Amino acid sequence: MNPTWEDDSRPIDLHIHTTASDGDVTPSGCVDEAKRLGLAAIAITDHDTMAGNAEALARGREVGVEVVPGVEISIDYPPLTAHLLGYYPEPGSPELEAILSGLREHRGERNPLILKRLAELGCPISQEELVAEAGGGVVGRPHIAAVMIRKGYVRDLQEAFDRYLAKGAPAYVDRAKPAPEPALRALLAARAVPVLAHPQAMGARSDEEVEALVRRLVDAGLRGIEAYYPAHSTGQVSACLALAGRFGLLVTGGTDFHGSKKPDIRMGRGPGGIRMPYRLLAELKRAREQL
Ligand code: AMP
Ligand code: FE
Ligand code: FE
Ligand code: ZN
């Protein structure tokens with residue numbers, strides 16, 4: 001008998017950032033790294049842009065790694081840091097493009113405010129330095145942190161966030177984000193499978209708080225949750241699996257690879273170093289067919 005997808009344990013990683021947003025490895029470089037590590041598939045999930053997908057898909061065909069196009073969107077659900085992953089978005093969907101370009105425009109308004117605060121705090125950075133650091137990709141706080149390191153204001157990215165850039169720190173500036181429902185609608189309009197990213201790493205203080213968001217998102221069309229995530233403890237993974245079972249959601253897993261910006265993350269290695277199996281992706285593809 002042929003093995004079925006239920007048996008497919010080839011390793012995958014469904015959450016990867018490239019230079020199109022705040023990762024520091026190019027889309028092709030991410031695919032090459034996946035190949036080197038023996039991964040069967042990776043998903044490109046850059047913040048607020050799909051600009052890295054085409055290059056990764058092309059490279060994947062060249063070297064024999066399956067590439068899943070995707071995107072990651074921040075949603076407005078204070079005080080949590082809530083992110084939606086969307087898998088297989090159709091390029092050119094006007095609803096999704098509107099949400100993504102709105103998010104990028106708000107970044108354009110926010111970055112100068114952060115730089116102004118940093119200047120007041122004795123860490124001047126010019127807009128030109130920041131844009132050069134981002135190399136044409138979506139500019140995020142990790143790029144600001146990288147310039148701060150280079151200029152000697154901080155030793156490393158963690159210090160930049162802890163002392164200046166993290167929520168609650170003196171140079172933190174919030175940015176406008178879409179409400180959960182419009183973001184979900186836009187993903188669904190583009191036939192992207194919507195998945196809640198890292199549910200146990202949103203800053204929730206209780207399981208009830210996570211569940212309340214999941215319930216609201218499910219009502220608006222959420223299809224899955226990212227249970228396997230390096231920052232999730234074993235107990236938190238179990239909590240996600242239970243939540244998925246209760247709401248009939250599929251389960252995904254990914255590392256949030258950002259290259260050297262998150263040096264502790266190894267592509268393809270989930271919580272406790274486990275491998276995430278291809279059968280998760282097989283289920284995701286079935287969900288895509290049903291959209
Ligand atoms: P932004 O999109 O500009 O709001 O920046 C968010 C990104 O910064 C996240 O995707 C992470 O890559 C990184 N990040 C956010 N919070 C922290 C933190 N406390 N420490 C390190 N990196 C962080
Ligand atoms: Fe990021
Ligand atoms: Fe995220
Ligand atoms: Zn991410």
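The numbers here are math on the coordinates, done by the rules we state, and not lab data. As the structure is a computational prediction, the values presented were derived from the model and not from experiment. Note: ideal-geometry Cβ built from the backbone for every residue, glycine included; neighbour counts use all protein chains shown.
Values for this structure:
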read-out: Equivalent-ellipsoid semi-axes of the chain, from the Cα gyration tensor, Å, largest first; value: 30, 21, 19
read-out: Angle in degrees between helix 278-290 and the longest Cα principal axis of the chain, rounded to the nearest 10; value: 90 degrees
read-out: Backbone HN-Hα couplings from phi across region 54-71 [Karplus 6.51/-1.76/1.60, Hz, Gly and Pro as x]; value: 4, 4, 5, 4, 5, 5, x, 5, 5, 9, x, 10, 6, 10, 9, x, x, 7
read-out: C-alpha long axis of helix 180-189 to longest principal axis of the chain, angle in °; value: 60 degrees
read-out: Overall Cα dimensions of region 96-208, principal axis frame, Å, largest first; value: 44, 35, 19
read-out: Taking the chain and dividing mean pair separation by its residue count, relative contact order in percent (alpha carbons under 8 Å, at least six apart); value: 23 percent
read-out: Alpha carbon centroid spacing (whole Å) that separates region 112-180 from region 232-265; value: 27 Å
read-out: Ratio Rg/Rh, restricted to region 153-291 and using Cα atoms, in which Rh is the Kirkwood radius; value: 0.99
read-out: Lys, Arg +1 and Asp, Glu -1 on Cβ, resulting dipole of region 38-157 about Cα centre, debye, nearest 20; value: 520 debye
read-out: Residues 71, 210, sorted so that the one with the fewest Cβ neighbours within 10 Å comes first; value: 210, 71
read-out: Table column - 3J(HN,Hα) (Hz), region 191-197, Karplus curve with 6.51, -1.76, 1.60, x for Gly and Pro; value: 6, 8, 7, x, 10, 6, 6
read-out: Relative contact order of region 31-157, pairs being alpha-carbon contacts under 8 Å that are 6 or more residues apart, as %; value: 17 percent
read-out: Degrees between helix 94-120 axis and first principal axis of the chain (Cα, 0 to 90, nearest 10); value: 30 degrees
